[in-house]
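**Student:** Provided herewith is a single structure, encoded as structure tokens, for subsequent inquiry.
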Amino acid sequence: MSNPISPELIKGTIGELLVQTRLLQYKVQAAPPLKDSGNDLIAIRESAIRRLQVKTTDLDHYRKPDKEKKYDILAAVRLFGYDQEIFLDQCEIYLIKKEELVRLPLHFSKIPQFKLSPERINDLFPLDI
């Protein structure tokens with residue numbers, strides 16, 4: 001008999017895996033640290049290294065991490081689907097620098113500029129020249 005898995009743990013894990021997969025599409029490698037030290041993922045593209053905090057929801061707004069958390073980027077994941085049917089191709093990821101969160105609205109519809117895109121990746125993970 002296995003230990004029960006809570007719906008929150010499932011949702012959070014799906015969000016982290018989705019962020020890893022989508023970042024890899026942009027040539028950013030991301031993995032969880034060996035020990036949970038407060039960062040969900042460490043992401044690397046060439047010499048740019050960033051600590052990510054992932055928050056996953058199926059609502060129209062996201063939650064900010066605790067102020068004491070040390071991270072560089074919030075990856076806010078919006079899942080689409082119901083129960084066990086999550087439509088991964090419709091899910092959205094928003095990448096927000098910690099310092100950008102100060103006065104930012106919490107509704108996804110009000111922050112389209114932070115949605116995962118080639119431009120956003122280049123801003124957060126600049127290529128070596």
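**Student:** Are there any pairs with C-beta distances below 9 angstrom linking a residue in the stretch 1-20 that is farther than 18 Å from GLY38 by Cα and open to solvent by less than 60 Å² (accessible area, probe 1.4 Å) to a residue that is among the hydrophobic types (A, V, I, L, M, F, W, C) and part of a helix (DSSP H, G or I), with the two at least 6 apart or on different chains, and if so which?
**Tutor:** Filtered contacts from the stretch 1-20: LEU18/LEU88.
**Student:** Follow-up question, since we're still on this one. Any idea how many residues of the stretch 15-29 are farther than 11 Å from LEU95 by Cβ and either of a type in the set (Gly, Ala, Ser) or not in a strand (DSSP E or B) (or both)? I'd like the intermediate steps shown before the answer.
**Tutor:** Within the stretch 15-29, the subset farther than 11 Å from LEU95 by Cβ is 15-18, 20-21, 24-25, 27, 29.
Adding the requirement that they be either of a type in the set (Gly, Ala, Ser) or not in a strand (DSSP E or B) (or both) leaves 15-18, 20-21, 24-25, 27.
Number of matching residues: 9.
**Student:** Among the residues of the stretch 63-83, count how many are surrounded by 11 or more Cβ atoms within 10 Å (Cβ to Cβ) and either under 11 Å from the mean Cα position of the chain (by Cα) or among the acidic types (Asp, Glu) (or both). Show your work before the answer.
**Tutor:** In the first step, residues of the stretch 63-83 are kept if they are surrounded by 11 or more Cβ atoms within 10 Å (Cβ to Cβ); the result is 63-65, 69-81.
Remaining after also requiring either under 11 Å from the mean Cα position of the chain (by Cα) or among the acidic types (Asp, Glu) (or both): 72-78.
Number satisfying all stated conditions: 7.
**Student:** In the stretch 119-129, is there at least one residue being open to solvent by 50 Å² or more (accessible area, probe 1.4 Å), assigned to a loop (DSSP other than H, G, I, E, B), without any contact (Cβ under 8 Å) to a residue 60 or more places away in the chain and among the acidic types (Asp, Glu)?
**Tutor:** Going through the stretch 119-129, the residues open to solvent by 50 Å² or more (accessible area, probe 1.4 Å) turn out to be 119, 122-123, 126-129.
Going one step further and asking which of them are assigned to a loop (DSSP other than H, G, I, E, B), we end up with 126-129.
Restricting the remaining residues to those that are without any contact (Cβ under 8 Å) to a residue 60 or more places away in the chain gives 129.
Right, trim to among the acidic types (Asp, Glu) and you get none.
Looking for residues that are open to solvent by 50 Å² or more (accessible area, probe 1.4 Å), assigned to a loop (DSSP other than H, G, I, E, B), without any contact (Cβ under 8 Å) to a residue 60 or more places away in the chain and among the acidic types (Asp, Glu), one finds none in the stretch 119-129, hence no.
**Student:** Continuing with this model, one more query. Return yes when ILE49 is in a strand (DSSP E or B), free of Cβ contacts under 8 Å to residues at least 60 places away in the same chain and open to solvent by 50 Å² or more (accessible area, probe 1.4 Å) and no when it is not. Write out each step before concluding.
**Tutor:** Values: in a strand (DSSP E or B): yes; free of Cβ contacts under 8 Å to residues at least 60 places away in the same chain: yes; open to solvent by 50 Å² or more (accessible area, probe 1.4 Å): yes.
Answer is yes for this residue.
**Student:** Here is a follow-up. Being open to solvent by 70 Å² or more (accessible area, probe 1.4 Å), in contact with a strand residue (DSSP E or B) (Cβ under 7 Å, 6 or more places away or on another chain) and touching a residue at least 40 places away in the same chain (Cβ under 8 Å), is that true of even one residue in the stretch 92-115? Reasoning before the result, please.
**Tutor:** From the stretch 92-115, those open to solvent by 70 Å² or more (accessible area, probe 1.4 Å) are 99, 102-103, 106-107, 109-110, 112-113, 115; that's our starting set.
Checking the rest, the ones that are also in contact with a strand residue (DSSP E or B) (Cβ under 7 Å, 6 or more places away or on another chain) come to 106-107, 115.
Applying the additional criterion that residues be touching a residue at least 40 places away in the same chain (Cβ under 8 Å) yields 106-107.
Yes, because at least one residue in the stretch 92-115 is open to solvent by 70 Å² or more (accessible area, probe 1.4 Å), in contact with a strand residue (DSSP E or B) (Cβ under 7 Å, 6 or more places away or on another chain) and touching a residue at least 40 places away in the same chain (Cβ under 8 Å).
**Student:** Inspect the stretch 21-32 for any residue being over 20 Å from GLU99 (Cα atoms) and over 15 Å from the mean Cα position of the chain (by Cα) and give the result as yes or no. Don't jump to the end; show me each part of the working.
**Tutor:** Taking the stretch 21-32 first, the residues over 20 Å from GLU99 (Cα atoms) are 21-32.
Imposing the further condition that a residue be over 15 Å from the mean Cα position of the chain (by Cα) reduces the set to 27.
Taking every residue of the stretch 21-32 in turn, at least one turns out to be over 20 Å from GLU99 (Cα atoms) and over 15 Å from the mean Cα position of the chain (by Cα).
The values are calculated or read from the model by the stated rules, or taken from the named source; none is laboratory data. Every value quoted in this text rests on a predicted model; they were computed, and no experiment measured them. When we count neighbours, we look across all protein chains shown, and the Cβ atoms used for this are built from the backbone with ideal geometry, even at glycine. Keep in mind that these areas ignore ligands, DNA and RNA; they rest on the heavy atoms of the full protein, side chains included. Shrake-Rupley method; radii C 1.70, N 1.55, O 1.52, S 1.80 Å.
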